[in-house]
Amino acid sequence: MVKLRIMLATIMLMVASGSSAALRVIVSSDMAHLVDVEDSKLVGTIGSLYQCVFDHAEEEVVFIRAPLKRGLLEIRKHRADILIPLARSANRDEFAEFGGTLLGADYVFVSKSRLPDNYEKLGLTYGIPREFVGRDLIADPDAIIEEVSDWSQLPPLLQKSRIDVIVVPTLIASKVLAGLEKNLFMKRAGTIPASLYMSSMLEQELQARILEAVQSCSTEK
């Protein structure tokens with residue numbers, strides 16, 4: 001059984017602690033309603049899937065909450081071992097190891113009016129959080145990308161017509177839109193494999209064990 005130690009602290013505290021025996025797992029605070037830490041367990045809409053992974057891996061784990069942007073930096077700098085939850089992207093593959101598909105993450109385009117069939121050729125303005133993988137779903141080469149620091153900033157921008165489209169994971173769309181859904185239109189944007197990313201410096205044997213655990217717990221069997 002996995003031994004879990006929950007450290008609700010900043011990344012700097014984690015680094016300063018010098019703890020090397022346990023897997024240092026960053027839980028993205030940007031997606032806390034999907035995966036969070038409570039009473040030594042991963043909770044949330046898909047928390048049980050990730051709990052399954054660490055149960056199967058049978059490793060001691062230290063969980064640290066941090067924003068996605070900071071988590072990606074810590075993985076890139078090898079100051080953390082694993083970052084969850086995370087969808088796959090070519091950019092992330094350049095500096096970390098994808099853990100295999102745990103689930104398929106669905107995304108939608110949200111707009112004030114129904115998108116026309118040729119929306120990918122109109123040079124629309126899309127709103128996304130910084131470091132968000134939803135950028136990969138925007139096919140229009142002339143699209144304008146407006147990046148924000150927090151999901152909550154996007155609905156007001158859409159309402160004021162400063163952006164044309166919000167790109168958002170389907171699982172968190174209702175929370176991000178906060179009751180505005182009935183006045184908005186949604187169009188399926190696509191599906192991206194999601195699970196976790198591991199530091200490329202993690203021992204190969206441990207990486208293999210994590211990959212096996214993801215495969216065992218995957219919804220995509």
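Among what's in segment 161-199 and is in a loop (DSSP other than H, G, I, E, B), modelled with pLDDT of 95 or more and not hydrophobic (A, V, I, L, M, F, W, C), pick the residue that is surrounded by the most Cβ atoms within 10 Å (Cβ to Cβ).
The qualifying residue surrounded by the most Cβ atoms within 10 Å (Cβ to Cβ) is Asp164.
Evaluate segment 205-216: report whether one residue or more is farther than 18 Å from Arg76 by Cα and either of a type in the set (Ser, Thr, Tyr) or part of a strand (DSSP E or B) (or both).
Scanning segment 205-216 turns up at least one residue that is farther than 18 Å from Arg76 by Cα and either of a type in the set (Ser, Thr, Tyr) or part of a strand (DSSP E or B) (or both).
Six or more apart or on different chains, Cβ atoms under 8 Å: show the pairs whose first residue is in segment 194-221 and touching a residue at least 24 places away in the same chain (Cβ under 8 Å) and among the β-branched types (Val, Ile, Thr) and whose second is assigned to a strand (DSSP E or B) and surrounded by 15 or more Cβ atoms within 10 Å (Cβ to Cβ).
Listed pairs, sorted by first residue: Ile210/Ile82; Ile210/Leu196; Ile210/Met198; Val214/Ser195; Val214/Leu196; Thr219/Leu103.
Could you check how many residues of segment 89-99 are buried (at least 19 other Cβ atoms within 10 Å of the Cβ) and not in a strand (DSSP E or B)?
Residues of segment 89-99 that are buried (at least 19 other Cβ atoms within 10 Å of the Cβ), as a first pass: 92, 96-99.
Now restrict to residues that are not in a strand (DSSP E or B): 92, 99.
The total comes to 2.
Consider Leu23 carefully, then state whether it is of a type in the set (A, V, I, L, M), modelled with pLDDT of 85 or more and more than 23 Å from Lys77 (Cα to Cα). Let's see the steps before the verdict.
Working: of a type in the set (A, V, I, L, M): yes; modelled with pLDDT of 85 or more: yes; more than 23 Å from Lys77 (Cα to Cα): no.
Answer is no for this residue.
If I go through segment 117-145 residue by residue, how many of them are part of a strand (DSSP E or B) and crowded, with 17+ Cβ neighbours inside 10 Å?
From segment 117-145, those part of a strand (DSSP E or B) are 125-129, 144-145; that's our starting set.
From what is left, the residues that are crowded, with 17+ Cβ neighbours inside 10 Å are 126-129.
The qualifying residues number 4.
Can you go through Asp136, Asp140, Asp81 and tell me which one is over 14 Å from the mean Cα position of the chain (by Cα) and under 26 Å from Glu181 (Cβ atoms)?
Numbers: Asp136 fails: over 14 Å from the mean Cα position of the chain (by Cα); Asp81 fails: under 26 Å from Glu181 (Cβ atoms).
One residue alone meets the criteria, Asp140.
Which one of these does His56 not meet: (1) buried (at least 19 other Cβ atoms within 10 Å of the Cβ); (2) in a helix (DSSP H, G or I)?
Of (1) buried (at least 19 other Cβ atoms within 10 Å of the Cβ); (2) in a helix (DSSP H, G or I), only one is false for His56: (1).
The values are calculated or read from the model by the stated rules, or taken from the named source; none is laboratory data. Small disclaimer: the values here were computed from a predicted structure and weren't measured. Backbone-built Cβ (ideal geometry, glycine too); neighbour counts: all protein chains shown.
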